[in-house]
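Input: a single structure, listed below in structure tokens.
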Amino acid sequence: MSRNSTAVTHFAGRLAFETDPSDVADDLGNVVLIDTRSRQSWDAGHAAGARHLPTREIAGRARQEIDPAANVVVYCWGPGCNGATKAALEFARLGYRVKEMIGGFEYWAREGFPIERADGTVERLPADPLAAPPGVACAC
């Protein structure tokens, strides 16, 4: 395999199994977004529109709660956490089409997407100018 074909395989594979908060927000009606964090973390704030299913409970609950034909996207805290990777592996083992939302909840919030609290209130934090500069789009 040539170096270029190895790179193509690598990056195509990443895009097949990873997505980012902006793409998830644009496609929220077509995916089941799963927050894999603890109840305490979920209650403190989660991506609006997400469902709560902690990683350690996926094997026991997913088949009863998530349509097996669904496009599943999982997230955990952020780029320094591999919890979403572990959750994606659990969904994959169960036969689901699954992607990991890179950046996790941290970048969902930092990019100014809606956050829902335990009491049902929904808010948008100001976008972090390092994550989502005002008036600038990466157009990716």
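The values are calculated or read from the model by the stated rules, or taken from the named source; none is laboratory data. Quick caveat: nothing in here was measured; it's all calculated off a predicted structure. A quick note on method: Cβ atoms are made from the backbone with ideal geometry, for glycine too, and the neighbour counts reach across all protein chains shown.
With respect to GLY13, determine if the residue is on the phi > 0 side of the Ramachandran plot and not charged (D, E, K, R). Steps first, please.
On the way: on the phi > 0 side of the Ramachandran plot: no; not charged (D, E, K, R): yes.
No, not satisfied.
If you go through segment 90-125, how many residues are small (Gly, Ala, Ser), farther than 20 Å from ARG39 by Cβ and touching a helix residue (DSSP H, G or I) at 6+ places or on another chain (Cβ under 7 Å)?
At the first step, the residues of segment 90-125 found to be small (Gly, Ala, Ser) are 92, 95, 103-104, 109, 112, 118, 120.
With farther than 20 Å from ARG39 by Cβ added as a condition, the list becomes 92, 95, 103, 112.
Of the ones still in play, those that are also touching a helix residue (DSSP H, G or I) at 6+ places or on another chain (Cβ under 7 Å) are 103.
Qualifying residue count, segment 90-125: 1.
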>> Please count how many residues of segment 29-70 are hydrophobic (A, V, I, L, M, F, W, C), in a helix (DSSP H, G or I) and surrounded by fewer than 17 Cβ atoms within 10 Å (Cβ to Cβ).
In response: 2
> Filtering segment 96-119 down to residues that are of a type in the set (A, V, I, L, M, F, W, C) and outside any helix (DSSP H, G or I), which residue is surrounded by the fewest Cβ atoms within 10 Å (Cβ to Cβ)?
Replying inline: ALA118
> When both residues are 6+ apart or on different chains and their Cβ atoms are under 8 Å apart, which pairs have a first residue that lies in segment 74-89 and is within 18 Å of ARG39 (Cβ to Cβ) and at pLDDT 95 or above, and a second that is among the hydroxyl-bearing types (Ser, Thr, Tyr) and in a loop (DSSP other than H, G, I, E, B)?
Replying inline: VAL74/THR36; TYR75/THR36; CYS76/THR36; GLY83/THR36; ALA84/THR36; LYS86/THR36; ALA87/THR36
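From the list ALA84, ALA70, which residue is closer than 20 Å to PRO21 by Cα, in contact with a Gly (Cβ under 7 Å, 6 or more places away or on another chain) and aliphatic (A, V, I, L, M)?
Details: ALA70 fails: in contact with a Gly (Cβ under 7 Å, 6 or more places away or on another chain).
ALA84 is the lone residue from the list that is closer than 20 Å to PRO21 by Cα, in contact with a Gly (Cβ under 7 Å, 6 or more places away or on another chain) and aliphatic (A, V, I, L, M).
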>> Condition check: part of a helix (DSSP H, G or I), hydrophobic (A, V, I, L, M, F, W, C) and surrounded by 15 or more Cβ atoms within 10 Å (Cβ to Cβ). Does ALA88 satisfy that?
In response: yes
> Looking at (1) more than 17 Å from the chain's Cα centre (by Cα); (2) in a helix (DSSP H, G or I); (3) surrounded by 13 or more Cβ atoms within 10 Å (Cβ to Cβ), which is the one condition that is false for ALA132?
Replying inline: (2)
> List, please: which pairs have Cβ atoms under 9 Å, are six or more places apart or on different chains, and start with a residue in segment 107-125 that is at positive phi and end with one that is among the aliphatic types (A, V, I, L, M)?
Replying inline: GLY112/LEU125; GLY112/ALA127; GLY112/ALA131; GLY112/ALA132
> Pairs, please: C-beta under 9 Å, at least 6 apart or cross-chain, first residue touching a residue at least 60 places away in the same chain (Cβ under 8 Å) and among the hydrophobic types (A, V, I, L, M, F, W, C) and in segment 5-26, second buried (at least 17 other Cβ atoms within 10 Å of the Cβ) and in a helix (DSSP H, G or I)?
Replying inline: PHE17/ALA88; VAL24/TRP108; ALA25/TRP108
